[in-house]
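Below you'll find the structure, written out as structure tokens, and then a few comments.
The values are calculated or read from the model by the stated rules, or taken from the named source; none is laboratory data. Predicted model only: the values in this text are computed from it and were never measured. Cβ placement follows ideal geometry from the backbone for every residue including glycine, while neighbour counts extend to all protein chains displayed. Quick note on the areas: whole protein, heavy atoms, side chains included, nothing else; ligands and nucleic acids left out. Shrake-Rupley method; radii C 1.70, N 1.55, O 1.52, S 1.80 Å.
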Amino acid sequence: LNPRSHLAHILYTGGTTGLPKGVPHTHAELLSGIVGIREVYRGFVREGEDCLIMPLHLFHMFSQDMVFALGFHLGNRVVVLPKPNIDAVLASIQAYRGTLLAGVPALYRQILENDRLEFYDLSSLRYCWSAGDALPAEVSARWKERFGIPIHQVYGSTETVCISISPLDE
């Protein structure tokens, strides 16, 4: 099998520009994204020691990139919560000592606005990422003030896999 032409999967998207469509990805395309993410985060995400909390559907490219690159590829534990309930997300971070969190802006806002937030120990979190929409500056600022760590914005699309990620020390 040729990884440059052999189909790995098809993800479906409505995108923002047209009708819903299936987007095929080859094994080489997926591996390229995984390796790119791993290289940018080398020295930050610890191989076999971190725990990724993934409260998003796995049919989304962002979720797959993060699970493959930061979870499976590095031998890290992944806790998948495909139907996010904010208390379940918070309880999972606490119970599994989650160090990595990937979410969408609405998830971070809901965490900050949860009236039971103070009952959960989220001190294990080291790195957080947001994708799927622009992260509002006020959510980013409130998160950093509350937890002492930033939320890093990721940009990509179903058609192109991961396009842009920022180094974790910037």
Inset, instruction - Give the residue that is farthest from CYS51 (Cα to Cα), with candidates limited to residues of region 131-162 that are of a type in the set (Ser, Thr, Tyr) and either open to solvent by 70 Å² or more (accessible area, probe 1.4 Å) or at pLDDT below 95 (or both). - result: THR160
Inset, instruction - Scan region 155-165 and give yes if some residue there is more than 23 Å from THR13 (Cβ to Cβ) and of a type outside the set (Gly, Ala, Ser), otherwise no. - result: no
Inset, instruction - Could you please let me know if LEU81 is within 16 Å of the chain's Cα centre (by Cα), free of Cβ contacts under 8 Å to residues at least 60 places away in the same chain and farther than 19 Å from PRO150 by Cα? - result: yes
Legend entry - Output for region 41-65, where each listed residue is open to solvent by 10 Å² or more (accessible area, probe 1.4 Å) and either at pLDDT 90 or above or of a type in the set (Phe, Trp, Tyr) (or both): GLY43, PHE44, VAL45, ARG46, GLU47, GLY48, GLU49, LEU56, PHE59, PHE62
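Only one residue in LEU30, LEU11 is touching a residue at least 60 places away in the same chain (Cβ under 8 Å), in a helix (DSSP H, G or I), of a type in the set (A, V, I, L, M) and closer than 20 Å to CYS162 by Cα. Which one?
Values: LEU11 fails: in a helix (DSSP H, G or I).
LEU30 is the lone residue from the list that is touching a residue at least 60 places away in the same chain (Cβ under 8 Å), in a helix (DSSP H, G or I), of a type in the set (A, V, I, L, M) and closer than 20 Å to CYS162 by Cα.
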Inset, instruction - Output the residue which, of all residues in region 118-129 that are in contact with a helix residue (DSSP H, G or I) (Cβ under 9 Å, 6 or more places away or on another chain) and open to solvent by 10 Å² or more (accessible area, probe 1.4 Å), is farthest from LEU168 (Cα to Cα). - result: PHE119
Legend entry - Pairs, first among the aliphatic types (A, V, I, L, M) in region 111-127, second open to solvent by 40 Å² or more (accessible area, probe 1.4 Å), C-beta under 6 Å, six or more apart: LEU112/ARG142
